[in-house]
Amino acid sequence: MKITDAKVFVGGPGKNYVTLKIVTDQGVYGLGDATLNNRETLPAAYLQDYLIPNLIGRDPRNSEDIWQFFYRGAYFRRGPIAMAAFGAIDMALWDIKAKLADMPLYQLFGGKSRDGALVYAHATGSDLEDLIDSIAFYVEQGYKAVRVQCGIPGMPTKGYGVADKGLTDTPFITDFSGVHPKEEIWDTDRYMRFMPAALSEIRDRFGPELKILHDVHHRLLPREAAEFAKAVEHVNLFWLEDPTPADDQSALKLIRQHSTVPIAIGEVFNSIWDCNQLIENELIDFIRVAVTYAGGITHVKRIVDLAALHHVRTGFHGAPSHSPLCMAAQAHLNAWAPNFGIQEYLVLDTPECDALFPAKHTLINGMMYVSDEPGLGVDFDENEAAQYSYKPGSHPIVRLEDGTLWNY
Ligand code: GCO
Ligand code: MG
């Protein structure tokens, strides 16, 4: 069996999805996602210029050897661009393998450990009252877990994860007006004064059952993060995400010394070497890697297995930029992983997205149910894809009030 062709598509409804289609001499094809948010053309070029020419003619069933060939063969290892490109190939090869076996992908990992996977929604409010309405909306929809992000009184701009309008408006983050980022202003003191009390009030309003998550989005210094974690301990958060920039791993020790709040980190990681020490030293509780950004199923499954040895559960990244293919790969891992924790899931089932990526995965009462179709269970309509093309976009950047550049 041989790979005869591979094509890359960039574009989508309101997103720049990077979709890889690998075609074989036996008519079976596989799909993978290389969408690196706001840098989408780079994994696409890596695939087109270097990886695809080396894929043609290979046996698609040897997904492990192909992964090693690209990873070791690059010589300059890791990095989000390369890992997203390898990830797309790997995802597509697992799709092919499961289609050949005529099984849903999770069967190849060891079958299902659960029927439905717990997901969390994003609630957002420009002030606490709006946020409480937004949380109530998701609770009424049946969600058992909600991430809560709130505008901070006196903060010159709205802050991370706070939508511009409406209680269900998803803050898509990317601004498609071009590659020059908008600027936001951050003030740690105002955040520290407001947010712990707001979380406390949310807990009082919604009672003990609701799983409440909060994303600090890398904004605090280690000592501040320890103080914050201590201050919210009584709120009984499901997790506190990215309290400090995830590249300083020793910062987590200080937080751990002062608080038992569960910590989730890893959405910016792209390799097991970014998280092995955090996992082995048991400094985190949830690992947030995404299958796309971290080298595909082959590599992320290794991370999940390492995490399981250290009581670290999964909480895969599921921001709106992730393609339905990445979400499907994660849905299959979620169905299998003995150490599954939760899945971030931002509903993207617009008619346009469904037409581009037909799929049978379902979301009912805040639980995601994986499709039993062979493979990843997501298709890709090339005719639909023809209407979309790449649109340059960017994340905001963040500054302190005096102009100092801060972490987005
Ligand atoms: C999350 C993330 C995202 C990121 C985004 C960057 O928890 O979902 O923090 O909102 O900011 O994925 O591209
Ligand atoms: Mg996050």
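Quick notes on this structure:
- Count of the range 12-46 residues, restricted to those that are more than 19 Å from the chain's Cα centre (by Cα) and either farther than 22 Å from GLU267 by Cα or assigned to a strand (DSSP E or B) (or both), is 11.
- Top-ranked residue in the range 50-87 [being assigned to a helix (DSSP H, G or I), within 21 Å of GLY266 (Cα to Cα) and of a type outside the set (A, V, I, L, M); ranked as farthest from the chain's Cα centre (by Cα)]: TYR71
- Odd one out for LEU100 among (1) buried (at least 21 other Cβ atoms within 10 Å of the Cβ); (2) in the same structural domain as GLY27 (by TED's automatic domain parsing): (1)
- Search result, residues across the range 300-317 that are under 17 Å from ALA328 (Cβ atoms), in contact with an Asp or Glu (Cβ under 7 Å, 6 or more places away or on another chain) and more than 13 Å from ligand 1 (Cβ to nearest atom): none
- Tally, over the range 124-167, of residues that are at pLDDT below 95 and aliphatic (A, V, I, L, M): 4
- For beta carbons closer than 6 Å, sequence separation of 6+ or different chains, a first residue in the range 322-343 that is assigned by TED's automatic domain parsing to the domain that holds GLU241 and part of a helix (DSSP H, G or I) and a second that is polar (S, T, N, Q) and open to solvent by less than 10 Å² (accessible area, probe 1.4 Å), the qualifying pairs are CYS326/THR292; ASN334/GLN343.
- Within the range 341-377, considering residues that are small (Gly, Ala, Ser) and away from ligand 1 (no atom under 16 Å from the Cβ), the one surrounded by the fewest Cβ atoms within 10 Å (Cβ to Cβ): ALA355
- Selection of first residues in the range 368-384 that are under 14 Å from GLU352 (Cα atoms) and of second residues that are among the polar types (S, T, N, Q) and crowded, with 16+ Cβ neighbours inside 10 Å, restricted to Cβ pairs under 6 Å at least 6 apart or on distinct chains, gives the following pairs, ordered by first then second residue: PHE380/THR19.
- The set of residues from the range 260-271 being polar (S, T, N, Q) and open to solvent by 10 Å² or more (accessible area, probe 1.4 Å) comprises THR260, ASN270.
- Test: THR292 is part of a helix (DSSP H, G or I), outside the structural domain of TYR46 (by TED's automatic domain parsing), hydroxyl-bearing (Ser, Thr, Tyr) and more than 12 Å from ALA337 (Cβ to Cβ): no
The values are calculated or read from the model by the stated rules, or taken from the named source; none is laboratory data. From a predicted model like this one, the values you see are computed outputs, not experimental measurements. Because the Cβ atoms are built from the backbone with ideal geometry, glycine has one as well, and the counts that use them run over all protein chains shown. Ligands, DNA and RNA are excluded from the accessible area calculation, which covers all protein heavy atoms including side chains. Shrake-Rupley method; radii C 1.70, N 1.55, O 1.52, S 1.80 Å.
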